[in-house]
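Beneath this line is the structure, given in structure tokens, with notes to follow.
The values are calculated or read from the model by the stated rules, or taken from the named source; none is laboratory data. Predicted model, so just to flag it, every value in this text is computed and none were measured. Because the Cβ atoms are built from the backbone with ideal geometry, glycine has one as well, and the counts that use them run over all protein chains shown.
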Amino acid sequence: MPELPEVETIARSLRQTGQGEKPGIVGMHIHQVEVYWKRTIQTPSSEELIHRIPGQRVEEVGRRGKYLLLKLTRDHLIIHLRMSGDIRVEPLTDASGQITPLRKHDRVAMVFEEKYRFSFEDPRKFGRVWLVRDPVEVLGGLGPEPFDPQLTDEIFFHRLQSSRRQLKPLLLDQTFMAGLGNIYTDEALHRAHLHPLSLSNSLHEDQSAQLLAAIRSVLLTGIETNGASIDWVYKGGSFQNSFQVYGREKKACYTCGHAIEKISVGQRGTHFCPVCQPLK
DNA sequence: ATAAACGCCTGACGGC
DNA sequence: TGCCGTCAGGCGTTTA
């Protein structure tokens, strides 16, 4: 599921104040942790994680790239949802005291204040969880955050110039920039009128600035629409209604009418308009 | 330096 | 209906 806008949407929902069915979790104490698929825990061992978390309080909820960050009293709990992960927070019991059942694909669950259950649900089991003292251990290699004001047009242009790679794989590389995935990359390249196979060091300065602006505007639209919902995994967002190219192969480009093409680049489906995004 | 291939997993979908 | 291949919002490792 998740690229930057989907993770941001989840982070915001976990921060929201107010009680009820889906309360925010900031300020809550964690009472108990259960792990149902051990490989989901990247570090430390699941046994140590289960012993170390209870008693800690959620101080902050954040996001870096596609990582969800829970700052606890002593540790940082970091979650990557990979392809099919999702987070649920629900009351532990219903009005008559019945325990809310776990779901088939719940991999980790945490009980908050003996009242709510936070579940990491992940059908494909690609998602990972880290519990670390210092988040740099996990996040240290990430490239800049797309909205970081320190990422100027000049710096972005320099980063593009410093490698000779196709734009599609480069933008998916989280050390180049953190947060873009397959959908938002295709949509950003279309918005910037750039072919996914264009080489990074072939862009002119104005094209580079247009690409950065396109990335930011696509991600912003994604966040404003609560992310994209395109299959059974993630629900609630509506960015899929704004797709210009993703999933639109053989359909008419909204800009020029030419058929959208789909090719494979680095094992990833890649959608583009050959007229609006020419390869020079 | 860059790219390609594969492994990790389950589920949905289309074709036969 | 059932079986089978293909594909899926990601990324680490190995191989070229």
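Tabulated values for the structure
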| item | result |
| --- | --- |
| Residue check for A:E114: at pLDDT below 95 and in a loop (DSSP other than H, G, I, E, B) | yes |
| When residues of region A:191-244 are limited to those that are β-branched (V, I, T) and within 12 Å of DNA strand C (Cβ to nearest atom), the one nearest to the chain's Cα centre (by Cα) | A:I223 |
| Any helices (runs of 4 or more DSSP H) falling wholly within region A:166-241 and containing at least 3 residues that are over 20 Å from A:K262 (Cα atoms) | A:205-224 |
| Check on A:E187, away from DNA strand B (no atom under 16 Å from the Cβ) and surrounded by fewer than 19 Cβ atoms within 10 Å (Cβ to Cβ) | no |
| Members of region A:143-162 found to be in a loop (DSSP other than H, G, I, E, B) and touching a Phe, Trp or Tyr at 6+ places or on another chain (Cβ under 8 Å), listed by number | A:G143 |
| Extreme residue, surrounded by the fewest Cβ atoms within 10 Å (Cβ to Cβ), among residues of region A:3-48 that are away from DNA strand C (no atom under 16 Å from the Cβ) and acidic (D, E) | A:E21 |
| Enumeration of residues in region A:89-127 that are under 22 Å from the mean Cα position of the chain (by Cα) and within 16 Å of DNA strand C (Cβ to nearest atom) | A:H105, A:R107, A:F120, A:E121, A:D122, A:P123, A:R124, A:K125, A:F126, A:G127 |
| Close pairs from region A:242-257: first within 11 Å of A:H190 (Cα to Cα) and in contact (Cβ under 8 Å) with a residue 60 or more places away in the chain, partner of a type outside the set (A, V, I, L, M) and surrounded by 12 or more Cβ atoms within 10 Å (Cβ to Cβ), Cβ under 8 Å, at least 6 apart | A:F243/A:E187; A:Y246/A:N182; A:Y246/A:D186; A:Y246/A:E187; A:Y246/A:H271 |
| Residues being over 22 Å from A:K115 (Cα atoms) and not in a strand (DSSP E or B) - total across region A:31-73 | 11 |
| Residue match in region A:261-270 (condition: under 22 Å from A:R165 (Cα atoms), crowded, with 21+ Cβ neighbours inside 10 Å and of a type in the set (A, V, I, L, M)) | no |
